[in-house]
Amino acid sequence: MTGTDVTLDADVVVVGAGMSGLYALKVLRERGLRVVVLEKGAGVGGTWYWNRYPGARCDIPSMEYSFGFDPELEQEWVWTEHFASQPEIERYLNHLADRYDLRRDIRLGCGVTAATFDETTDTWVFDTETGDRLRARFAVMATGGLSAPNRPEWPGIDTFEGSIVQTSLWPAEGVELEGRRIGIVGTGSSGIQAIPELAKVAEHLTVFQRTAAFSWPSRNQPLTDEQQAAIKAQYRVLREQQYASFSGTAGTTGAVIFAFPTDDRRILDSTPEEREAALAEHGFSACRIWADTAKDLEANEMAVELFREMVRRTVKDPDVADSLLPRGYPLGCKRPVLDAGYFETFNRDNVTLVDLRKDPIEEVTPSGVRTAHRFVELDVLVLATGFDAMTGALTRIDVRGRGGRLLRDDWAGGPQTYLGIGTVGYPNLFICVGPGSPGVLATYPPQIELQVGWIADFVQYLVDHGFTRAEADAGAQDAWTEHVNQVAEGTMFTAASCNSWYNGANIEGKPRVFMPYVGGLPAYMERCNDVAAHGYEGFTLS
Ligand code: NA7
């Protein structure tokens, strides 16, 4: 390294050994940089290390939710299902760590508590839970978009004498579930994946639901050898399609789940017979075939009614079905959920739904959960209550930039970034798939290859040109933030009635700001590449 005579433990410290962190280590090391990855968990894999609850599964087809940087890897690796389970993805990421000899630069069980920019040397100092302190020129924050668990603080929650377990902190040794009285709070993706599995083993399962969700049958299947061979034969083409697609998804891998508008049919112009025919043909996806539901709330509500009709036809008890009908927010506002027999699970004798809108939780006692109208005795309480998404993992670390400023304070009104990568006041700190990038809206592995690859090129550029400091400009950051807001305007994501983790509404006190970039992966990368081609304009280099 050029620059000051400071003693560096590494050129780059990467925080997190999930998908982004593993890839960052690989590509930065290939550029001849000394890289150390600090990881809180006892294993690699990030999301796929922590979320090991029953039923945990990816909602993107496995052949696409995988890296394309190594043609040999993608030919050799065998995915067994259209949608991979958590254990399979965790195995894949461990395989990557071994295959590319990554482990020697990863410190496990070494969560970062503070990262402080030292202005006298243009370096970052990292403090960890283990008491270790490391210094590096660059900080690459691969801390994940959905990795800061949200734990509700009901009165008495710490007095519960059974097992209380969060889906996103599921212990590796498992939880005793067989024949137990289990309660689960939360009906987002995690809850909806876990509920059918928990119902199979519980003596009784009580589902505490605050908001009824939209969920579609995944129709997951084993991947046959023939299907897999056919995809592998055209993998290069498929990867190019992914990189060029809006959401990093080619959609050609056989697991076609949703009906998307294939013509310009408008639900507002449809007849009852046409809607009934759509239900007969597409089932739960009948609400997704119309061209006018993405931006028109009236059309959207008509489509939601088709979804509700499917719930009514699936769930036998009319009162339970009624509680399961999504209301009060539009289709397309939250991330769609894929399930395996979710609504059918409520037809089981050993499953009870508690509608928290009518019967809210009042307290947790040593033996169960008390709501306004009942007491539910429990042996196990599962919290599927989501995450402080996109910003939580960063703001939970004491990240101090120039002049001792604290990222948590700077982002108190919502995250501010340039390209989702840099942020004013924090030189030499680069965020992977952060707020202001497509992030959670585009398939991670291809997005990571492009975006983290871009960060690696940037770091190399700085080193090659002898720059010791790179910081986003305020003007560039403001313009980018305005652009991020502008492209989200008029979509269901930003509808007034939309409360989601995309806009921080799931966390009490979090400012309501829509965080991901909805302009699509190609437009985003075009902009990033343009910035690079112009000498990283929008960053001040010195
Ligand atoms: P989500 O989608 O945020 O779901 C969390 C669920 O927990 C949701 O139903 C929440 O209800 C519910 N929740 C949260 N806090 C409470 C309290 N205090 N009381 C009752 N219910 C509560 O998280 P997931 O982990 O399921 O999924 C996150 C993403 O991971 C997913 O979209 C995929 O991309 C993968 P609410 O809707 O806020 O009323």
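Towards the positive end of the charge dipole of the chain, with charges on Cβ (+1 Lys, Arg; -1 Asp, Glu), say which of Pro446, Ile421, Cys528 has the farthest Cα.
In the chain, that residue is Ile421.
Roughly what % of DSSP beta bridges within the chain run antiparallel, to the nearest 5?
If I count the DSSP bridges inside the chain, around 40 percent turn out antiparallel.
Compute the relative contact order of the stretch 298-356 as a whole-number percentage, counting only Cα pairs closer than 8 Å that sit 6 or more residues apart in sequence.
Result for the stretch 298-356 is 38 percent.
Name every cysteine in the chain that ends up alone, with no second cysteine's Cβ under 4.7 Å, or say none.
Flagged as lacking a Cys partner: Cys58, Cys110, Cys287, Cys432, Cys528.
Could you check what % of the DSSP bridge pairs in the stretch 1-144 are antiparallel, to the nearest 5?
50 percent
If you fit an axis through the alpha-carbon atoms of helix 235-244 and take the longest principal axis of the Cα set of the chain, what angle between them do you get, 0 to 90°, nearest 10?
90 degrees
Tell me, rounded to the nearest percent, the portion of alpha carbon pairs in the stretch 10-105 spaced more than 16 Å apart.
For the stretch 10-105, the share of Cα pairs beyond 16 Å comes to 55 percent.
Among 444-456, 316-328, what's the highest-first ranking by average C-beta atoms within 10 angstrom per residue?
The densest-packed peptide leads the list: 444-456, 316-328.
Along the charge dipole of the chain, which of Leu223, Val237, Ala139 sits closest to the positive end, that is, farthest toward it, with unit charges on the beta carbon of Lys, Arg, Asp and Glu (+1, +1, -1, -1)?
About the Cα centre, the residue reaching furthest to the positive side is Ala139.
Using only the alpha-carbon atoms, how far is helix 444-464 inclined from the longest principal axis of the chain? Give it as 0 to 90 degrees, nearest 10.
On a 0 to 90 degree scale, this one is about 10.
Determine the sum of side-chain charges near Leu169: Lys and Arg each +1, Asp and Glu each -1, restricted to other residues whose C-beta is under 12 angstrom from that of Leu169.
On the way: positive: Lys40, Arg52, Arg151; negative: none.
Every neighbour counted, the sum reads +3.
Over all alpha-carbon pairs of the stretch 404-492, lay out the pair-distance distribution in 5 Å bins, whole %, shortest bin first.
Percent of pairs per bin, in order: 3, 13, 20, 24, 20, 14, 5, 1, 0, 0.
Quick check for me: using +1 on Lys/Arg Cβ and -1 on Asp/Glu Cβ, what's the dipole size of the stretch 101-144 about its Cα centre, in debye to the nearest 20?
180 debye
Hey, what did the chain get for relative contact order, percent, Cα under 8 Å, at least 6 apart?
Value for the chain: 20 percent.
Can you give the percent of C-alpha pairs in the chain whose distance is more than 32 Å?
Distances greater than 32 Å cover 46 percent of the Cα pairs.
For a quick protection proxy, order the peptides 510-518, 172-180, 349-357 by their average other-Cβ count within 10 Å, most packed first.
The most tightly packed comes first, giving 510-518, 349-357, 172-180.
Treating only the Cβ atoms of Lys and Arg (+1) and Asp and Glu (-1) as charged, compute the dipole magnitude of the chain about its Cα centre; round to the nearest 20 debye.
With Lys and Arg at +1 and Asp and Glu at -1, about 460 debye.
Name the residue from Met302, Asn94, Ala286 whose Cα lies farthest towards the positive end of the charge dipole of the chain, charges +1 on Cβ of Lys and Arg and -1 on Cβ of Asp and Glu.
The residue sitting farthest along the positive end of the dipole is Asn94.
If I take R0 = 41 Å and measure r between the Cβ atoms of Arg91 and Asp359 in this structure, what FRET efficiency does the formula 1/(1 + (r/R0)^6) give, to the nearest 0.05? Write down the numbers at each step before the final one.
Working: r = 42 Å, r/R0 = 1.01.
With a Förster radius of 41 Å, E is 0.50.
Could you work out the helix-only [θ] at 222 nm for the chain, with each DSSP H run of four or more residues adding -39,500 (n - 2.57) and the total divided by the number of residues, to the nearest 500 deg cm²/dmol?
Counting only the DSSP helices, I get -9000 deg cm²/dmol.
Against the longest alpha carbon principal axis of the chain, how many degrees, from 0 to 90 and to the nearest 10, is the axis of helix 189-201 turned?
50 degrees
In what sequence, highest mean first, do 272-279, 82-89 appear when ranked by Cβ atoms within 10 angstrom? Provide the component values of the computation, followed by the final result.
On the way: 272-279: 14.1, 82-89: 20.1.
Highest to lowest by the protection proxy: 82-89, 272-279.
For the stretch 313-429, what mean projected area does the convex hull of the alpha carbons give, in nm²?
Answer in nm², one decimal: 11.8.
Mind listing the long-range amide H neighbours of Ser500? Cut-off is under 5 Å, sequence gap 5 or more, other chains count too, H placed in the peptide plane at 1.01 Å from N.
Ala505, Asn506
Only Cα pairs under 8 Å and at least 6 apart count here; give the relative contact order of the stretch 1-107 as a rounded whole percent.
29 percent
Consider just the alpha-carbon atoms of the stretch 47-165 and return their Rg together with their Dmax, both in angstrom.
For the stretch 47-165, the Cα radius of gyration and maximum Cα-Cα distance read 18.9, 54 Å.
What does the net charge come to around Gln460 if you take all other residues with beta carbon closer than 11 Å to its beta carbon, with K and R at +1 and D and E at -1? If you can, show how the numbers build up before the last one.
Details: positive: Arg31; negative: Asp11, Glu30, Asp457, Asp464.
For residues surrounding Gln460, the net value is -3.
Set the Förster distance to 60 Å, then compute FRET efficiency between Asp349 and Thr271 from the Cβ-Cβ distance, nearest 0.05.
Between Asp349 and Thr271 the formula returns 0.90.
No value in this document is a laboratory result; all are computed from the given coordinates. On a predicted model such as this, the values are computed, not experimentally measured, just so you know. Here Cβ is always computed from backbone atoms with ideal geometry, including for glycine, and neighbour counts include all displayed protein chains.
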